[in-house]
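Worksheet for the structure shown next.
The values are calculated or read from the model by the stated rules, or taken from the named source; none is laboratory data. Because the structure is predicted, anything quoted here is derived from the model rather than measured. When we count neighbours, we look across all protein chains shown, and the Cβ atoms used for this are built from the backbone with ideal geometry, even at glycine. Areas reflect the complete protein model, heavy atoms only, side chains present, ligands, DNA and RNA absent. Shrake-Rupley method; radii C 1.70, N 1.55, O 1.52, S 1.80 Å.
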Amino acid sequence: MRIGRFHGALPLVLMTVLILTVGAYATVRQDAFLTSFNLNNLLLLAMPLVLVSLGQTCALLVGGFDVSVAALMTFCVVVASFTISIDTTRWALFPGVLAILAIGLATGIFNAVLICVLKLPSIIATLGTLSILQGASLLLRDHPEGAISSDVVDRLTKSVSFVPIAFIVVVVLAVAGDLWLYRTRTGLALRAVGLDQTSSRRLGMATGRIVFLAFVACSVMASFAGLYLAAQVQIGSPILDLSFSLESIACAVLGGASLAGGRGSFVGALLAALFLSLIDNVLPLFRQPTEYAQITIGVLILLALLLYSAPELLARFRTSRAGVGRLETGDGEPAS
């Protein structure tokens, strides 16, 4: 039991240590790092990745992937340039925000139908959705235009000292999500479906509904992320970076999620997203190429997979050795 708890806490400890180590190094080397202005920028920069990583964790918990989240975020930015533009009246801003979230909800339902009803593999289904959303973004805006309302930007980025209020809300949400995931029966059901859908179905769990809701939650969180991305770029651009899909999967894995499903942590995904955002924030201060961030992500994913899977790999090695030993003993015995 203690080994299992340590294994579950390992991603949280590792991400915390990495954040503190990089932060301490940057503080010693660069005076600009610890200023309120830079820390506020860091947390605001992290918001889209944090939100989409929390959603991606939902998909990974049920053993799936959603590679359409980056295209959905871009589409939400483009739609935001129409629904919450600088020309939008104040009373129409709230419906405009709801329209963006409704797009996330509709996309999630669409993906879930493809996966749960038509039984398509999640990666194939969401690849198709990605292409549809990319085309729709370019259809609405063939080049960056349409400024986002400054009122919406100000409200989304409102802060207490250097900490954005939205970031505090997301931290509370992640902690509550982990408590729900590991302390409630519904959270146990979600993890059970990710571990073994067939056995969960035999036990009477509504596996189809759980997977359906997981992918809907993933897309809704991606639409929230798109809203904060719109607050960052402040223009309806259809050609935004599509790395959020892979980075969100990376954050979920670094935070303790299993690619096979059934294991994950919302707090871990948040810490991993904060760490990757910290790398992006620190490199320009040291005048280093941003390509180093991508190399860092790849190396960390490989190391995390090896480290987090070490107990299972060790158990398989011991089992194989024991099997070989029994075979050798059997071969050495005289035939009766």
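Overview of values
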quantity: Mean accessible surface per residue for the chain, computed with a 1.4 Å probe while every protein chain stays in place, in Å²; calculated: 51 Å²
quantity: Accessible-area composition of the range 1-127, carbon plus sulfur, in percent [1.4 Å probe]; calculated: 74 percent
quantity: Residues in the range 119-148 that a label on L242 would reach, taking backbone N under 18 Å of a point 7 Å out along Cα→Cβ; calculated: 122-144
quantity: Residues A92 and H143, FRET efficiency given R0 of 25 Å [Cβ-Cβ distance, rounded to 0.05]; calculated: 0.50
quantity: D (Stokes-Einstein, µm²/s), Kirkwood Cα radius, the range 73-175, 1.567 mPa s at 4 °C; calculated: 82 µm²/s
quantity: Positive-end residue of G204, V220, L181, charge dipole of the range 175-238 with Cβ unit charges; calculated: G204
quantity: For the chain, built as a Gaussian network whose Cα springs stay under 10 Å, the top-fluctuating residue of Q294, Q197, Q30; calculated: Q30
quantity: Computed label-point distance, nm, for sites R155 and A32 using a 7 Å Cα→Cβ extension; calculated: 3.3 nm
quantity: Prolate/oblate/rounded label for the range 7-144 (Cα gyration tensor, a/c 1.5); calculated: oblate
quantity: C-alpha long axis of helix 36-61 to longest principal axis of the chain, angle in °; calculated: 50 degrees
quantity: Estimated FRET transfer efficiency when R0 is 45 angstrom, pair Q232-Y182 (beta carbons, to 0.05); calculated: 0.85
quantity: Relative packing of peptides 266-277, 167-178, 37-48, 16-27 - highest average C-beta neighbours within 10 Å first; calculated: 266-277, 37-48, 167-178, 16-27
quantity: Longest site-free stretch - the chain; sites: trypsin sites (Lys or Arg not before Pro), DSSP loop, at most 14 other Cβ within 10 Å; calculated: 159-286
quantity: Distance from the range 78-94 to the range 205-243 (C-alpha centre basis), Å; calculated: 19 Å
quantity: Base-10 log of normalised Debye intensity for the range 118-163 (one unit scatterer per alpha-carbon) at q = 0.19, 0.21, 0.23, 0.27 Å⁻¹; calculated: -0.76, -0.78, -0.82, -0.94
quantity: Taking only Cα atoms of the range 107-247, radius of gyration then Dmax in Å; calculated: 18.4, 53
quantity: Per-pair calculated FRET efficiency, R0 = 25 Å: A260 and I124 via Cβ, rounded to 0.05; calculated: 0.90
quantity: Note, ³J(HN,Hα) from phi for the range 143-154, Karplus 6.51, -1.76, 1.60, rounded to Hz, x at Gly and Pro; calculated: 7, x, 6, x, 6, 7, 4, 5, 5, 5, 4, 5
quantity: Rounded percent of accessible protein surface that carbon and sulfur make up, the range 201-273, 1.4 Å probe; calculated: 66 percent
quantity: Alpha carbon convex hull of the range 169-254, projected area averaged over orientations, nm²; calculated: 7.1 nm²
quantity: Estimated Rh, the range 215-291: Kirkwood, alpha-carbon pairs, angstrom; calculated: 14.1 Å
quantity: Gyration tensor (Cα) of the range 52-95, equivalent ellipsoid semi-axes in angstrom; calculated: 31, 11, 6
quantity: Nearest-20 debye value, the chain charge dipole, Cβ charges on Lys, Arg, Asp, Glu; calculated: 1060 debye
quantity: Computed over the chain, Kirkwood Rh from alpha-carbon pairs, angstrom; calculated: 21.3 Å
